[in-house]
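Input: one structure, supplied below.
The values are calculated or read from the model by the stated rules, or taken from the named source; none is laboratory data. For clarity, every value in this text was computed on a predicted model and none was experimentally measured. Cβ placement follows ideal geometry from the backbone for every residue including glycine, while neighbour counts extend to all protein chains displayed.
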Amino acid sequence: MASKQFNAPMHENTFHYLSPSPAQIEDMNIMRKAATTYNDAIEQLVPDGPDKMYIIRKLREVAMWVNVAITREADGAPRE
């Protein structure tokens, strides 16, 4: 079975800054707290080294992409 891929054109505002709404800011804060909790567990349980640093860098990347997902639709259009 072939996987379905997202091939819609990108919205004209895809690369523009979007100021999040108050509700979106609250959602971002919830997700930021969750990422911080996960990071704290990583810091406590994972031994220091390159793997730990990689995990933390990826977690930071995911945390930033969460903000994008909260403020934009899949095509980059502003989320209402």
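For the stretch 50-71, how many residues are small (G, A, S) and either farther than 17 Å from T37 by Cβ or loosely packed, with under 15 Cβ neighbours inside 10 Å (or both)?
Here the count works out to 1.
OK, next. Out of (1) out of contact with any helix residue (DSSP H, G or I) (no Cβ under 7 Å at 6 or more places or on another chain); (2) on the phi < 0 side of the Ramachandran plot; (3) surrounded by 11 or more Cβ atoms within 10 Å (Cβ to Cβ), the odd one out for L18 is which?
Answer for L18: the failing condition is (1).
Right, here's the next one. For the stretch 23-66, which positions are part of a helix (DSSP H, G or I), more than 16 Å from the chain's Cα centre (by Cα) and either at pLDDT below 95 or aliphatic (A, V, I, L, M) (or both)?
Correct list: A23, A41, I42, L45, M53.
For a quick check of your reading of the model, give me the residue pairs whose first member lies in the stretch 64-80 and is of a type outside the set (V, I, T), whose second is in a helix (DSSP H, G or I), with beta-carbon atoms closer than 8 Å and at least 6 apart or on different chains.
These pairs meet every condition: N67/M28; N67/M31; P78/T71; R79/Q24; R79/I70; R79/T71.
For the list (1) surrounded by fewer than 10 Cβ atoms within 10 Å (Cβ to Cβ); (2) without any contact (Cβ under 8 Å) to a residue 24 or more places away in the chain; (3) not polar (S, T, N, Q), I need the number of the one condition that P9 fails.
Just one mismatch for P9, condition (2).
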